[in-house]
Amino acid sequence: MNEDSQSSFAHLINSNLENFSNEEILQKLVSLFPGKVCFSTSFSFEDQVITEMVKDLPIKIFTLDTGRLFEETYNTWNLTRSKYNISVKAYYPDGEELEPFVQENGPDSFYRSVENRKTCCDIRKVHPLKRALQGNKVWITGLRAEHSSARENLSQFEWDESNQIIKFHPLLHWTTGEVKNYIQQHQIPYNSLHDKGFVSIGCAPCTRAIQPGEDFRAGRWWWEDASKKECGLHVHK
């Protein structure tokens, strides 16, 4: 962490925001870091809740279009644009990386090895994310502790060393019930796959519905060992 980033992070943490509502914290963030706050959405339940919270704030909203998303995800994207009259900036994989990878390994090589899958995630998600975060000071995410044991000990604010940015997880301690209630109360459009057993929704070839009693992340990269089920967007120590 460089000196400027360290100062910004310290300033934020010392602002005693723990007793504030999410809406108040978001207002504080755009005041502390004008023009430097961004929010990444995948149009999940959680991200739709956050979109409702930030819709009237000067916060940049972006998404990562991997080229392999579900049609239902694109439908949710369109419904979100219509309801809120907002612009969602899309970031795409670099063709100079993606084309030779697919040509050499085929379109579904991620099923063959963890290495191939992680390379695919890097090209389609991690590298576009780095471009999206450039020049920003705060990255708002929809992470929730319930989604993964690796996230249980996270703080609402953390420093992302890889991307040199402050991360804020407004829904970190929300339950699934609280998320669904908020969606219903505010009549927020959501991905219809959530009604079919899909909890964590990513690329179509790499996501399935979960069965009763299965872990939240069981539907992502289900053919891999559970310990490897991260795509690299969120690196936890």
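Give just the number: which of (1) surrounded by 17 or more Cβ atoms within 10 Å (Cβ to Cβ); (2) under 16 Å from the mean Cα position of the chain (by Cα); (3) part of a loop (DSSP other than H, G, I, E, B); (4) not hydroxyl-bearing (Ser, Thr, Tyr) does His173 not satisfy?
For His173, the exception is condition (1).
If you go through segment 176-206, how many residues are part of a loop (DSSP other than H, G, I, E, B) and either surrounded by 18 or more Cβ atoms within 10 Å (Cβ to Cβ) or touching a residue at least 12 places away in the same chain (Cβ under 8 Å) (or both)? Talk me through it step by step, then tell me what you get.
Residues of segment 176-206 part of a loop (DSSP other than H, G, I, E, B): 186-191, 197-202.
Keeping just the survivors that are either surrounded by 18 or more Cβ atoms within 10 Å (Cβ to Cβ) or touching a residue at least 12 places away in the same chain (Cβ under 8 Å) (or both) gives 186, 188-191, 197-202.
Counting residues in segment 176-206 that are part of a loop (DSSP other than H, G, I, E, B) and either surrounded by 18 or more Cβ atoms within 10 Å (Cβ to Cβ) or touching a residue at least 12 places away in the same chain (Cβ under 8 Å) (or both) gives 11.
Is it the case that segment 215-227 has a residue that's modelled with pLDDT of 85 or more and in a strand (DSSP E or B)? Can you show your working first?
Narrowing segment 215-227 to residues modelled with pLDDT of 85 or more: 218-224.
Now drop any that are not in a strand (DSSP E or B), which leaves 220.
There is at least one residue in segment 215-227 that is modelled with pLDDT of 85 or more and in a strand (DSSP E or B).
Of all strands (runs of 3 or more DSSP E) completely enclosed by segment 31-136, which ones contain at least 1 residues that are in contact with a Cys (Cβ under 8 Å, 6 or more places away or on another chain)?
Numbers: elements: 37-40, 60-64, 89-91.
Where strands (runs of 3 or more DSSP E) fall fully within segment 31-136 and carry at least 1 residues being in contact with a Cys (Cβ under 8 Å, 6 or more places away or on another chain), they are 60-64.
Have a look at Val49, Val88 and point out the one that is in contact (Cβ under 8 Å) with a residue 12 or more places away in the chain, over 23 Å from His147 (Cα atoms) and among the hydrophobic types (A, V, I, L, M, F, W, C). So that I can check it myself, show each step before the final result.
Numbers: Val49 fails: over 23 Å from His147 (Cα atoms).
Step by step, each of Val49, Val88 is checked, and only Val88 is in contact (Cβ under 8 Å) with a residue 12 or more places away in the chain, over 23 Å from His147 (Cα atoms) and among the hydrophobic types (A, V, I, L, M, F, W, C).
Could you please find all residues in segment 145-163 being part of a loop (DSSP other than H, G, I, E, B) and out of contact with any helix residue (DSSP H, G or I) (no Cβ under 6 Å at 6 or more places or on another chain)?
Scanning segment 145-163 gives Asn153, Leu154, Ser155, Gln156, Glu161, Ser162.
Filter segment 53-79 for residues that are touching a helix residue (DSSP H, G or I) at 6+ places or on another chain (Cβ under 6 Å) and of a type in the set (Ser, Thr, Tyr) and give the result.
Of everything in segment 53-79, just one residue is touching a helix residue (DSSP H, G or I) at 6+ places or on another chain (Cβ under 6 Å) and of a type in the set (Ser, Thr, Tyr), namely Thr66.
The values are calculated or read from the model by the stated rules, or taken from the named source; none is laboratory data. Quick caveat, the model's predicted, so the values are computed rather than measured. Every residue, glycine as well, gets a Cβ built from its backbone with ideal geometry; the counts of neighbours run over all protein chains shown.
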